[in-house]
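Trainee: Provided herewith is a single structure, encoded as structure tokens, for subsequent inquiry.
What follows is calculated from the coordinates using simple rules that are stated; it is not laboratory data. Predicted, not measured: the structure shown is a model, and the values here were computed from it. Heads up, the Cβs are rebuilt from the backbone with ideal geometry, glycines too, and the neighbour counts pull from every protein chain shown.
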Amino acid sequence: MKLDVARVRTTGIFSLDGQDFEVENNVWLVGHGDDVVVVDAAHDAAPIVAAVGGRRVTAIVCTHGHNDHVNAALDLAAAVSAPVALHPDDRMLWDTVHPGRAPDRELADGATVPVGPVPLAVLHTPGHSPGGVCLFAEEAGVLFSGDTLFQGGPGATGRSFSDFATIVDSIRRKLLVLPPTTVVHTGHGDDTTIGEEAPHLDEWIARGH
């Protein structure tokens, strides 16, 4: 079943371990009819609200708790009257950005986030962060990978709460088993497919980061 997938690019600062980096993020709007799910609320709620238009936002899903993926979540939630969902293993990251205000829902491996009649399966893929998740729409053949998998390899693991062996295991067990034609919509940069990335697993392991 077809989904309407749109990307909003926003820019801002990613902060971790006392360092700041200017980054461009992909915010994904996953729609079916009048319903839409927002994947990652990065930096600025205004262009996201504009892209939503008059549709009903049923959920704001944060693929992980790094500030550049959650820093517009509460402004967006207030603007569109939607709940924010995050895996509980990333609550410590969330709390540095939004102290005193918990996410509205907890994501869990194997749960689903509906977009109209189409389920988005929650895949817990730790490594970039402990609570990192991806969303897989099997019927539509698309994966929203956050910062777990990019064109060219795994997400970064050189900072606090990250681990290279863990992200490789997550990608191997949860993502590379998906159909090769699955389109991967990433948290930063360009799209890829599972088929394009799968042959390079051993190269990533040899590279070690």
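Trainee: Assign unit charges at the C-beta atoms only (+1 for Lys and Arg, -1 for Asp and Glu), then state the dipole size of the chain relative to its Cα centre in Debye, rounded to the nearest 20.
Mentor: 340 debye
Trainee: More than 18 Å apart: what percent of Cα pairs in the stretch 114-200 qualify?
Mentor: Beyond 18 Å sits 36 percent of the P(r) for the stretch 114-200.
Trainee: Hey, what do the phi angles of the stretch 138-150 turn into as Karplus ³J(HN,Hα) couplings, whole Hz, using 6.51/-1.76/1.60 and θ = phi - 60°, x for Gly and Pro?
Mentor: 4, 5, 9, x, 10, 10, 9, 9, x, 10, 7, 9, 10
Trainee: Over all directions, how big on average is the projection of the convex hull of the alpha-carbon atoms in the chain, in square nanometres?
Mentor: Approximately 10.2 nm², given one-decimal rounding.
Trainee: Say the dipole of the stretch 82-209 comes from +1 at the beta carbon of Lys and Arg and -1 at that of Asp and Glu; which of Phe164, Ala137, Gly189 then lies farthest toward its positive end?
Mentor: Phe164
Trainee: Could you check the spin-label model distance between Met92 and Lys2? Points 7 Å from the Cα along Cα→Cβ, value in nm.
Mentor: Each label point lies 7 Å from its Cα, and together they span 4.6 nm.
Trainee: For Ala121 and Ala206, compute 0.36 nm times the residue count separating them, minus their Cα-Cα distance, and round to one decimal in nm.
Mentor: Working it through step by step, the gained length comes to 27.6 nm.
Trainee: Rounded to the nearest Å, what's the spacing between the alpha carbon centres of the stretch 1-39 and the stretch 108-126? Just the number, please.
Mentor: Taking the Cα centre of each part, the stretch 1-39 and the stretch 108-126 sit 17 Å apart.
Trainee: Now for a different question. Where does the charge balance sit around Ala108 when Lys and Arg score +1, Asp and Glu -1, over other residues with C-beta under 15 Å from its C-beta?
Mentor: Summing Lys/Arg as +1 and Asp/Glu as -1 gives -2.
Trainee: State, as an integer percentage, the relative contact order of the stretch 72-209 based on alpha-carbon contacts under 8 Å between residues 6 or more apart.
Mentor: The value is 17 percent.
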